[in-house]
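Heads up: the structure comes next, in structure tokens.
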Amino acid sequence: MQEYADHGVSGTKARRPALDKLLADAHRGRFDVVAVWSCDRLARSTKHFLQVLDELNGLGIQFLSQREAIDTDGVLGRAILTVISAIAELERSLIVERVRSGMRLAKLEGRQIGRARLDVDREQVVLDRRSGMSLTQVTKKHGISTASVCRLMKESKENFGSVA
């Protein structure tokens, strides 16, 4: 039994490494059943879900969903899966819409969206680093991460050339 899991990759993307490998292995005939916890784990959009289901069906591979417990071999099972998939897609769209609405409201109220801006003398960080201070020394002096120092150095090069 092989497990295909995409970690850190959005389910909204049609191209995902583990899903691509699953489909490639399906074409090679390495299995005859695909079992998932829930239909929405396979694909977030109804269109993509049905495409994957059609591809598996065309290869003679049975699709099983633990949560929905529906036989996909029959016409009725496929119709019910289509409805479930459409509801999952709607649910995701509603969540995205609510998040965007909340962010717009917060912005209108003047609240900070995302991480707070670095409270550091940016020019001094760049000058210290260019004067020969090590990365560790600059981070300790200004109380910021090495990634922040590197980002500030990169920004200074993009905005002002190589001389500050």
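Rule-based calculations on the coordinates, nothing more; no lab input. Predicted model, so just to flag it, every value in this text is computed and none were measured. Note that we place each Cβ from the backbone using ideal geometry, even for glycine, and neighbour counts take in every protein chain shown.
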Arg28 paired with Leu135, simple spin-label distance in nm, labels 7 Å along Cα-to-beta-carbon:
3.9
Counting other C-beta atoms within 10 Å, which of Cys150, Cys39 has the fewest, and how do the rest follow?
Cys150, Cys39
Computed from the mean reciprocal separation of all distinct C-alpha pairs, what Kirkwood hydrodynamic radius does the stretch 17-108 have, in Å?
14.5
Residue-count net charge about Ala88 - beta-carbon cut-off 13 Å; Lys, Arg +1, Asp, Glu -1
+1
If each DSSP helix of 4+ residues adds -39,500 (n - 2.57) and the sum is divided by the residues in the chain, what number results at 222 nm, nearest 500 deg cm²/dmol?
-18500 deg cm²/dmol
Taking GluC sites (Glu not before Pro) as candidate sites, keep only those in a DSSP loop with at most 15 other Cβ atoms within 10 Å, then name the longest stretch of the chain containing none of them.
4-108
What number comes out for the charge environment of Arg67, summing +1 per Lys or Arg and -1 per Asp or Glu over other residues with Cβ under 13 Å away?
-1
Report the net charge of residues surrounding Gln137, where surrounding means a beta-carbon distance below 14 angstrom and charges are Lys +1, Arg +1, Asp -1, Glu -1.
+3
